[in-house]
1. For the range B:112-121, does any single residue satisfy the condition of being surrounded by 14 or more Cβ atoms within 10 Å (Cβ to Cβ), within 12 Å of chain A (Cβ to nearest Cβ) and farther than 19 Å from B:Pro11 by Cα?
2. Which number in (1) under 17 Å from A:Ala72 (Cβ atoms); (2) more than 21 Å from the chain's Cα centre (by Cα) marks the one condition that A:Tyr143 misses?
3. Answer yes or no as to whether A:Glu362 is among the acidic types (Asp, Glu) and within 26 Å of A:Arg136 (Cβ to Cβ).
4. Scan the range A:268-295 for residues that are closer than 15 Å to A:Thr385 by Cα and touching a Ser or Thr at 6+ places or on another chain (Cβ under 9 Å) and jot them down.
5. Since A:Gly147 meets every condition but one in (1) at pLDDT 95 or above; (2) facing chain B (nearest Cβ under 9 Å), which condition does it not meet?
6. Among the residues of the range A:253-287, what is the count of those that are more than 14 Å from chain B (Cβ to nearest Cβ), more than 20 Å from the chain's Cα centre (by Cα) and closer than 21 Å to A:Pro313 by Cβ?
7. Could you list, in sequence order, all residues of the range A:10-37 that are hydrophobic (A, V, I, L, M, F, W, C) and in contact (Cβ under 8 Å) with a residue 40 or more places away in the chain?
8. Which of the strands (runs of 3 or more DSSP E) found entirely inside the range B:4-108 contain at least 2 residues meeting this: without any contact (Cβ under 8 Å) to a residue 12 or more places away in the chain?
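The values are calculated or read from the model by the stated rules, or taken from the named source; none is laboratory data. This is a predicted model, so every value here is computed, not measured. Here the Cβ positions follow ideal geometry from the backbone for every residue, glycine too, while neighbour counts run over all protein chains shown.
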Amino acid sequence: MPDPQRLAALRDEIAIVGVGESDYSQDYALARRGERYSDAYGYAATAFRRALDDCGLTRDDIDGLIAGPATASERLGEVLGMDVRWADQADAVQAVLKAAIAIHAGVAECVALVYGNDQRTAGTAYGGRDAMGGERHLAYTYYAPWGLTSQGALYALLANRYQAVTGLTERELGQVAVAQRAFARLNPNAVMRGPLHIDDYLSAPYICEPLRLYDYCLVNDGGVALIVTTAERAARLGRPAVLLSGIGRADHNRDATSLRPRLVDFYRPAQRTAAEQVYTMAGAGPSDVDVLQIYDSFSVHVPLALEGFGFCPQGGAGELLADGALGPGGRLPVNTAGGHLSGSYMQGWGHQAECVRQLRGEAGERQIPHARTAQYVSDVAGKVTSLIYRRADA
Amino acid sequence: MTPPQRPAPQPGIYDTPYWRYTAAGELRLQRCGGCERFRYPPGPVCPDCLAQESSWERLSGAGTLLAWTVFHRQYFPAIEVPYLVGAVRTPEGPILIGNLIDTSAAELSHDMPLRAVFETLPTGRPADADTHTDSPGEGWRLCQWTPLETRPLHKERA
């Protein structure tokens, strides 16, 4: 069992001191015109340079590297000209967690977490026989003879059952896309910034019913980098630091291909386990969260996370959504940069950068006033994770 | 030129028997030699008790509709949209995926009773050893699901 005392010792010991992101909006426009000027490593390099500039550390200070899934840490070290003492690969679920563990163990002091992805210009397939991720999640490709391969279709099955069990309406689900677009319109780097009304949502075509066009994430190119170090070192930098206060993690892989965790359990057991861990470690609860970032490859992640992490009772997400609680000015702001649906699909990495920007008070027009505690929640295909961040002076 | 096809099964080390039985019009899955639970998808050990022994036993062909989706986006040239994919809960335990055939989205309801039927798919694919077709040159078969009440033509009972 995870040891609460050891976890408590890690609370507020690790800080994110630098964030960098590529120019999502501009790069998306270029990609739409068929221009391809960079690749995954190029976007990663852009983000890394910006994250370094942001924190005031130099490249020589970096002694650890975590590369995102679309790049290899060895090649990334070569591209960025960095010889580190410790390196690893990770998706957003694991990256911050691994950096914290590595720093706490003493194998590195300043770890760069670097993600780059040219998924749009490279034509990465998230549906079809060769859908990405099939080797990790057999369900992504196993049912190809029946025409079921896209991850969206698997979440459509989930949404179908979830609607029947909880009574969530299409109009309520549509409020996820509407609220996030409203935030994206306040973010100059968001990819989708046109107005989106609930009627636009409801008149958009289904992709896999009951999910419509706006329930699906974008596919765009970009990079995100985070610089992570000890709270002690962060304090010496003299810049606003964001501390990692809680971590929660639980898998739900058993029976994954037969879809029982999705369609019968809605990932709730794993969410409960991860929630208990993250809140206990952080000494906080849902009511303390000022800004919530939810992994949203599909809109239906959002009601699941709200219920699974105790922001509302089971079956109560529809009411929160209908009240407009998630959008600008709402009482529970979610995915304040626009999320994957309207901001940028950086597979959870951008959500960490947004937590940092909000807690520093640097989120411009979309800034949530007096944000002191931010939470990230992710339940990608049965890997549930959550992180709680807080301002160093909070 | 052969017409575009559905993605064919790719029988691996654990799945080959499943497709061989399907070709013969039988729905069979591994049943654990230790705890007697049915297992899906096929695999090396029982996820419940980790026993390696198993036998391929026939399912009743009954099921209930857990969830469904209607594909409106075409991912495969050979599969015309819209089409229905259902997740079916079997009384034996496993949840199975199949197309819902001889029905329409308007006729579906959650937990409605279904039965397994075997659909022979037209294909231009030349018969070869890998496809496990019971009738060389005529394509391959899929276990599909249909409402218990319907009387489909050209289909066989499981």
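1. Yes, the range B:112-121 contains a residue that is surrounded by 14 or more Cβ atoms within 10 Å (Cβ to Cβ), within 12 Å of chain A (Cβ to nearest Cβ) and farther than 19 Å from B:Pro11 by Cα.
2. (1)
3. Taking the combined requirement at face value, the residue does not satisfy it.
4. Within the range A:268-295, A:Gln271, A:Ala274, A:Ala275, A:Gln277, A:Val278, A:Tyr279, A:Met281, A:Ala282, A:Leu292, A:Gln293, A:Ile294, A:Tyr295 qualify.
5. (1)
6. Result for the range A:253-287: 4.
7. Scanning the range A:10-37 gives A:Leu10, A:Ile14, A:Ala15, A:Ile16, A:Val17, A:Val19, A:Ala31.
8. No strands (runs of 3 or more DSSP E) qualify here.
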